[in-house]
1. Six or more apart or on different chains, Cβ under 8 Å: which pairs go from a residue in the stretch 375-389 that's more than 9 Å from Ile401 (Cβ to Cβ) to one that's outside any helix (DSSP H, G or I)? Could you list them?
2. Answer yes or no: is there a residue in the stretch 361-380 that is out of contact with any strand residue (DSSP E or B) (no Cβ under 6 Å at 6 or more places or on another chain) and surrounded by fewer than 17 Cβ atoms within 10 Å (Cβ to Cβ).
3. Does any residue in the stretch 83-104 that is aliphatic (A, V, I, L, M) come within less than 9 Å, Cβ to Cβ, of a residue that is surrounded by 14 or more Cβ atoms within 10 Å (Cβ to Cβ) and part of a helix (DSSP H, G or I) six or more places away or on a different chain, and which pairs are these?
4. Find the residue count for the stretch 113-152, including only residues that are acidic (Asp, Glu) and within 29 Å of Thr187 (Cα to Cα).
5. Can you tell me which residue within the stretch 586-608, out of those that are in contact with a helix residue (DSSP H, G or I) (Cβ under 6 Å, 6 or more places away or on another chain) and among the hydrophobic types (A, V, I, L, M, F, W, C), is least open to solvent (accessible area, probe 1.4 Å)?
6. In the stretch 246-269, which residues are under 32 Å from the mean Cα position of the chain (by Cα) and either open to solvent by less than 40 Å² (accessible area, probe 1.4 Å) or of a type outside the set (D, E, K, R) (or both)?
7. Pick from Arg87, Arg94, Arg57, Arg19: which is over 31 Å from the mean Cα position of the chain (by Cα) and basic (Lys, Arg)?
Amino acid sequence: MAKLAMTRISICGLKEDRRDVLDILQRLQIIETHSFVEEDDVFKKTKMPVSAGEFDRSIHDAEAALEVLNSLDGTKPDGMFSSLHGREPVEVSRYENFRDIYPKVSRSISRILELSKDVAEKKAEILKDSQQLEMLVPWEGLDVRLDLDGTESTAIFIGALPGEWTMEAVYEGLAMVMPVDVTIISTSKAQTCIMTVCTRESQNEVGAVLRGMGFVYPSVNTSLTPVEEQERLREEIKTLNEKIKASEEEILSFDGEKDNIKFLIDYQTIRSEKYNVINSIPQSSNTFILTGYTPVKYISRIEEALKDYDICIETCEPEEDEDTPVLLYNNPFSRCLEGVVSSYALPLKNEIDPTFIISLFYFVFFGFMLSDAGIGALLAIGAAVLLIKNKNMDWPLKRQIKLFMFGGIAAVFWGIMFGSYFGDMPAVVGREFLGKTVLVKPGWMDMQANPMAILAASLGLGLIHIFTGMGVAAYQQIRQKDWTGLIFDTGCWVVILIGLLMKLLSMDMIMNMLFSGADPFVSAQGGSIGLIAAGVGAIGVLIMGGRESKNPVKRLLKGAYAIYGITGYLSDVLSYSRLLALGLATGVISQVANMIGTMFGSGIVKVLVYIVVFLILNAINAGVNIMGAYVHTNRLQYVEFYSRFFEGGGRPFEPYSIKTKYYKFKEN
């Protein structure tokens, strides 16, 4: 259980080496930059000419171009399992050489986006032309141009009336402005297309009457006849489609640039991070100073990496009240639980890293809750295969999969202890399909046959877990020389709990309930001694539990309230009964699957039905109970264990690093 000791670090170098030094430090990813040097007349922060917005625009354009290429060449978007493959490792030299081809790749991106925009505009034009073609269908019977408004002596109104009109109805509507000539071009329930001819002298009156009838001019305005306009639109659509095809073919000609476009995204991301650092460090005309935090154990790595440059490296201890970052560092077995710890909170400066201690209990609880050797084996093997097949998997995901692998191994152990192999699958298969009695004895005891004994074991594990947490609290109080807290906040409660436990284990009622009539573990005299010890501890809590108050009455009241905390300990111990509950749930669901699978058919049909039911129900069982074991094991750490000693609130170590999306870099 360890947090890496942090130190302040200052690196002063020549400005001409700045780029190389920053590149190396960025790849090392072990310095969190923080400005400790105030600006003065010599050292000032210099804003680089390239802004963060320019990097963001460049990255956005590259991602847009990549999306265009993927949509045209049929590349499917990354699925939910794509993260398993991790990022592709590349040599550092590719990054160093990329600046030479950066302009070419950037031009390719611009051209792809230009062509994509042109394609989008042409598709919009095709949509518009298609809509006009559709609107011209009712006018196909008109043999004059749509914008014709008459001759020298006549006026022509070409348009539509809402709804379905007959010739008689139209003439009735125009009766007051006769003479007129009406031709119905087409009619439908939606509209009636007409052409009305009248004299120039009656044009205004006819127009007014038509408007009163709901007359509107055609949406398509053209100097051609409808049929001619349709032909023109079809030719235009054909031409546009040919241009779109040519543009898309040109876009696809850049398909070989996809890797370079991805690299450009990462390249610009790296540069953006570097420029942010450059803008934050004081510089003179010839030198620069980079300051921040780094783990003490990595100082030698920094010195070795920068030995070829004319620089000065200095370190010093952070101040006592300084907000130094926290970086956890544990053995390979415990490291997979660092995510569990950090997802709750990182420890404060004066707190220990609980990761190792958690690892001693975590997989015991996880396996106990899953408690099936078959499901555990599938989980462990599946996780191991994922780890072996995906060597480039990023650490956060690898850490999580390793957690499930160890959890699966623990479930195999407890499954053997309880004799559960997909429930009672061996016995069912032997009895129903082989005609044999297959008896698999549990290594310890059958959970379903001895639930109270397993409950007692669950509560016993819980007590060990809680006492361990109190032991960690005592260790931290000793480190901080908090002797009063050690005696009255931890010691008295340990005495109370042990005393009450001795009393309970001396009572026949409790023994009958948990251990089926076994003799008391503690004699009646020992139980009385335990009760007296618990009373002494309670007096200590009563007197000192509210010691921060000067008023004696308030002090006693707070002490009494602190004693009431015994109910919290009771509920916490009972929380560990979930070990039994979830363990039973896994086995019972598997047994139900085995029972249902043998209820239908006979012969080969029965075998097939059993296999289908077995696979479906056990897949559901595994999914639900694996996640249940994970969630409830976390809860036992966060609520029952952390509450004894852990406050949390540390700030995570955020190094100057390479935050890439597609590639990760390895040294030559």
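The values are calculated or read from the model by the stated rules, or taken from the named source; none is laboratory data. Fair warning: this is a prediction, and the values are worked out from it, not measured in the lab. In this analysis, Cβ positions are derived from the backbone assuming ideal geometry, glycine residues included, and neighbour counts consider all displayed protein chains. When the accessible area is computed, the model is the full protein with side chains, heavy atoms only, and any ligands, DNA or RNA have been set aside. Shrake-Rupley method; radii C 1.70, N 1.55, O 1.52, S 1.80 Å.
1. Ile375/Phe422
2. No, the stretch 361-380 contains no residue that is out of contact with any strand residue (DSSP E or B) (no Cβ under 6 Å at 6 or more places or on another chain) and surrounded by fewer than 17 Cβ atoms within 10 Å (Cβ to Cβ).
3. Filtered contacts from the stretch 83-104: Leu84/Leu386; Leu84/Leu397; Leu84/Ile401; Val90/Phe263; Val92/Asp23; Val92/Arg27; Ile101/Asn260.
4. Taking the stretch 113-152 and keeping what is acidic (Asp, Glu), we get 114, 118, 121, 125, 129, 134, 140, 143, 147, 149, 152.
The next check asks that each one be within 29 Å of Thr187 (Cα to Cα); those that pass are 125, 129, 134, 140, 143, 147, 149.
So the count comes out to 7.
5. Only one residue fits best here, namely Ala593.
6. Our first condition is that a residue be under 32 Å from the mean Cα position of the chain (by Cα); within the stretch 246-269, this holds for 255-269.
Gly256, Glu257, Lys258, Asn260, Ile261, Phe263, Leu264, Ile265, Asp266, Tyr267, Gln268, Thr269, listed by residue number.
7. On the way: Arg87 fails: over 31 Å from the mean Cα position of the chain (by Cα); Arg94 fails: over 31 Å from the mean Cα position of the chain (by Cα); Arg57 fails: over 31 Å from the mean Cα position of the chain (by Cα).
Criteria check complete, one pass: Arg19.
Residues checked against (1) among the aromatic types (Phe, Trp, Tyr); (2) over 15 Å from Gly559 (Cβ atoms); (3) out of contact with any Leu (no Cβ under 9 Å at 6 or more places or on another chain):
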site	(1), (2), (3)
Trp483	yes, yes, yes
Ile487	no, no, yes
Trp493	yes, no, yes
Leu501	no, yes, no
Ala518	no, yes, yes
Gly526	no, yes, no
Gly535	no, no, yes
Ile543	no, no, no
